[in-house]
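A.B. asks: Have a look at this one before I ask anything.
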Amino acid sequence: MTNKEFAEFLLPNVKHTWEEYEKMYPERNLPEGAIVTRYAPSPTGLPHMGNLFQNFMAMVFAKQTNGVFYLRIEDTDTERTVENGISKILEALKPFNIEFDEGVVSETEEKGIYGSYIQSKRKDIYWAYARKLIEEDLAYASFVSKEELDEIRKEQELSKQRLGYYGRWAKDRFISKEEAVERIKNGEKYIIRLKSPGDFFKKVVLNDVIKGKIELPENDIDEVIIKADGLPTYHFAHVIDDHLMHTTHVIRGDEWVSSTNKHLQLFQVLGFKPPKYAHLAPLNKNDEGAIRKLSKRKDPEASLMYYIENGIPTEAVMLYLATITNSNFEAWLDANPSGKISEFKFDFKKANSSNGSLFDLPKLLNISKNYISRLTKDEVYDKVLEYTKNYDTEFYDLLIKYEDYSKSIFNIEREQKKPRKDYATYADVKKQVWYMYDELFDKYFEKYDFQKITDISEIKTIIDSYINEYYDENDDKDTWFNKIKELCDKLGYASDMKEYKANPDIYKGNIADVSTVIRVSLTSSSMTPDLYELLRLMGKVKIKERFSKIN
Ligand code: GLU
């Protein structure tokens, strides 16, 4: 029996030969230096922040080189695959505007000529290449059972030898073709293993584009390439797919570094040029001084839904991820506050190489504050509307009812050179302007805190005098401010802070105390945006009504 016949017997009915597949997946026609990369999740659950970070990097590097970023679904571990796994991945990434140029588009659609981009649909391809290895005596059928493997491991432990199915331990290597055929005909189950040509005592070098040079021992384990269910292992599928899809850069978690010797070996035995590898360290968290991995289980911010549910702009999340991709992005953003991620040139060499980046939620929220402050009032309105539609129908209804009024509120200290930075999330908006809506004021009002001035009759004197003698809706800001000063002079409060500091004893208080009384009477809050604007928006009727509640 020839090797070719043996290969056909082990992996029958393949539609195409590997040579044909080579032709069916031609080189890509891309500019020099274009990066072709992919997100290759297993559909086993929801992507988390670490995955988003990986997606972010892959997308920006592909974009900035006019390359290709594609989505490939690695579903060869059928036991771990969850129902609607593809939709779950796509839906979780969608709000973050991760754009795939190619690959899986939905549970049923794909785009691009290098498909299928779903591994379970590529069985024929993996078989064609496994056949090539069998023909070249670089792979064989293995029958070893789990129990036998356990035995081997025990023996290796006892004799203090390196664990694994390699060298003399890999005894199925020595089964003749004829015996293998016989056993298969008798109904024995088999898998296909690589006949590793590696020598553990020699080194292989991985030149990681992020981590630099890493030396690994050559792989001498006879890795499984085709499992008993006919599907490939991750190792084999990765190598075949990234070869045929012409991936130039594999950006993946650094838990794979130690397997890279296997992958480089597979590229070599198959006669393929390996891609470049960019291994990412996991995201870390500062947990009360202790640095540990960001955990899906312990840290709500590791979940992508956290950002949606809390109204944190996904654009701000992406800006934050840009700062951890390349730390010089932050200085660039400070210098170009309205700069777009696409305008920045990212560099693998400036990525954090080994320790893992610290995922710092307060910093992300700070970026978010800056981001929201630069939106127009209409953008804020639309975004808050979108957020409240799902998460706060009470506020949503008011936004619909009072659209223009709401936009005017959002416009206070906005669309100007130094906009007010008061919202880190879209959920913060209601928390900060609720008092502007009578419906919310009546419902949520708790108490007034006038701060320095506590005597209620004095408070009434201030607001009565103000509304009856001074306030005029038509005043411009200067006139309005001068009138507050006049009010202070009349009632015995210092209208000038310097003067007050020089002679505090001759005054009842100062202009800040008086403004606080007006502000708190209107809003119940001592922290609000510009008082002049608030008064203008409320209008005289509402102002009087709010003042009348004080007694
Ligand atoms: N399916 C693998 C995983 O989810 C992909 C690793 C890779 O990007 O190659 O970890």
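A short reminder: the numbers here are calculations on the coordinates, not readings from a lab. All values reported here derive from a predicted model rather than from experimental measurement. As a convention, Cβ positions derive from the backbone with ideal geometry for all residues, glycine included, and neighbour counts pool all protein chains shown.
A.B. asks: Once both axes come from the Cα atoms, what is the angle between helix 456-465 and the longest principal axis of the chain, in degrees from 0 to 90, rounded to 10?
C.D. replies: Taking Cα atoms only, the helix is inclined about 80 degrees.
A.B. asks: So what's segment 330-392 giving for Cα Rg divided by 2.2 N^0.38 Å, two decimals? Could you put the intermediate results ahead of the total?
C.D. replies: Details: Rg = 15.5 Å, N = 63, 2.2 N^0.38 = 10.6 Å.
Output field value: 1.46.
A.B. asks: Quick check: the angle from helix 123-135's long axis to the longest principal axis of the chain, C-alpha only, nearest 10 degrees?
C.D. replies: 40
A.B. asks: Taking only C-alpha pairs under 8 Å that are 6+ residues apart, what is the relative contact order of segment 55-139 in percent? Mind dumping the intermediate values first?
C.D. replies: Working: 73 pairs, mean separation 25.4, N = 85.
It rounds to 30 percent for segment 55-139.
A.B. asks: For segment 358-411, what D do you get in µm² per second when you plug the Kirkwood radius from alpha-carbon pairs into Stokes-Einstein at 25 °C and 0.890 mPa s? It would help to have the intermediate numbers written out before the result.
C.D. replies: Values: Rh = 12.1 Å.
Calculated translational D: 202 µm²/s.
A.B. asks: At a 10 angstrom cut-off on C-beta neighbours, averaged per residue, how do the peptides 529-537, 244-252 rank from highest to lowest?
C.D. replies: Working: 529-537: 17.2, 244-252: 21.9.
Highest-to-lowest ranking by the protection proxy: 244-252, 529-537.
A.B. asks: Could I ask something else about it? As I understand it, the value is the acute angle between the Cα axis of helix 314-325 and the longest principal axis of the Cα atoms of the chain; what does it come to in degrees, rounded to 10?
C.D. replies: On a 0 to 90 degree scale, this one is about 60.
A.B. asks: Let me ask something additional. Considering only DSSP states other than H, G, I, E and B, which GluC sites (Glu not before Pro) in segment 253-350 qualify as loop sites with at most 13 other Cβ atoms within 10 Å? Present the calculation step by step, with values, prior to reporting the outcome.
C.D. replies: Numbers: sites: Glu255, Glu288, Glu301, Glu309, Glu315, Glu330, Glu343; in loops: Glu288.
Taking segment 253-350 and a limit of 13 other Cβ atoms within 10 Å, the loop GluC sites (Glu not before Pro) found are Glu288.
A.B. asks: Still on this structure, I have one more. Just the number, please: Stokes-Einstein D of segment 316-470 in µm²/s, Kirkwood Rh from C-alpha pairs, 37 °C, 0.692 mPa s.
C.D. replies: Numbers: Rh = 18.7 Å.
The estimated diffusion coefficient comes to 175 µm²/s.
A.B. asks: For segment 266-365, which trypsin sites (Lys or Arg not before Pro) are in a loop by DSSP, counting at most 14 other Cβ atoms within 10 Å?
C.D. replies: Working: sites: Lys276, Lys285, Arg292, Lys293, Lys296, Arg297, Lys298, Lys340, Lys345, Lys349, Lys350, Lys363; in loops: Lys296, Arg297, Lys298, Lys340, Lys345.
Qualifying residues, ordered by number: Lys296, Arg297, Lys298, Lys340, Lys345.
A.B. asks: Could I ask something else about it? What percent of all Cα-Cα pairs in the chain falls in each 20 Å bin, counting up from 0?
C.D. replies: For the chain, the pair-distance distribution reads 17, 38, 24, 14, 7, 1.
A.B. asks: Please pull out the direction-averaged projected area of segment 245-351, using the convex hull of its alpha-carbon atoms, in nm² to one decimal place.
C.D. replies: Numbers: hull surface 39.0 nm².
Averaged projected hull area, Cα only: 9.8 nm².
A.B. asks: Let me ask something else about it. Where does the charge balance sit around Ala40 when Lys and Arg score +1, Asp and Glu -1, over other residues with C-beta under 9 Å from its C-beta?
C.D. replies: Here the charged neighbours net out to 0.
A.B. asks: Of all beta bridges DSSP finds with both residues in the chain, what is the antiparallel percent, to the nearest 5? Intermediate values should be presented prior to the final figure.
C.D. replies: Numbers: 21 of 36 bridges.
Antiparallel bridges: around 60 percent, rounded to the nearest 5.
A.B. asks: Another question about this same structure. If each DSSP helix of 4+ residues adds -39,500 (n - 2.57) and the sum is divided by the residues in the chain, what number results at 222 nm, nearest 500 deg cm²/dmol? Please list the in-between numbers first.
C.D. replies: On the way: 23 runs with 245 residues, N = 551.
One gets -13500 deg cm²/dmol as the mean residue ellipticity at 222 nm.
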